[in-house]
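Step one of this worksheet: look at the structure below.
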Amino acid sequence: MILTAEFLQIQNACAEGIEFAQNQNLFGKEYSEVIRECIKNNQNDFAGWMIEQKQTESFVRYTGKEFTMGAYQVFNPLTGLHTRYETEAEATAALIETAKAVLAQHLPTVCQELSNENGDTCWTSVDFSTKYKVVEN
């Protein structure tokens, strides 16, 4: 891929990075060459940022013409990990199990406002967890 100002704008590059690219005449150069130039000029943050961009949806869409959708990942907020699943059915099952685990460990609560005729107010808990059940569609 050839580096362009348009691409940096799409990726929300910082002003300093865009200015560096302009000052070093990097527009029009091959992307990997630009990364090497950044490293050579001690612009390691910009080089790292450019490497990270290669894994963004906007990079893939900007640099490609034909797209295919593949495997799935389910994020588990309890472990902080993404797990890969090859099929939608596997991902759905994992999502449901993850949601159950999250709800078991971090049961959301509901409070309701209580007020009196004097304008005093407070919040009091309401037990919705025994009234409602989270189910898959």
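Values in this text are rule-based calculations from the coordinates and carry no lab data. These numbers come from a predicted model, not from an experiment. Quick reminder, even Gly has a Cβ in these numbers, built from the backbone with ideal geometry, and neighbours come from all protein chains shown.
Could you tell me the number of lysine pairs in the chain with C-alpha atoms less than 25 Å from each other, where the two lysines are 8 or more residues apart or belong to different chains?
The number of close lysine pairs in the chain is 7.
Which is farthest toward the positive dipole end of the stretch 5-63 among Asn12, Asn44, Gln55, measuring Cα position about the Cα centre, with Cβ charges +1 (Lys, Arg) and -1 (Asp, Glu)?
Going by the Cα projections, it comes out as Gln55.
Two decimals is fine: what is log10 I(q)/I(0) at q = 0.21 Å⁻¹ for the chain, from a Debye sum with one equal scatterer on every Cα and no solvent?
Results for the chain at q = 0.21 Å⁻¹ read -1.18.
Which of Leu81, Leu114, Phe128 sits farthest toward the positive end of the charge dipole of the stretch 77-133, with +1 on the Cβ of Lys and Arg and -1 on the Cβ of Asp and Glu?
My answer, from the dipole projection, is Leu81.
Report the FRET efficiency, 1/(1 + (r/R0)^6), for Ala104 and Arg84, where r is their Cβ-Cβ distance and R0 is 30 Å, rounded to 0.05.
Step by step, r from the Cβ atoms, then E = 0.80.
So how strong a dipole does the chain carry about its Cα centre when Lys and Arg Cβ are +1 and Asp and Glu Cβ are -1, to the nearest 20 debye?
380 debye
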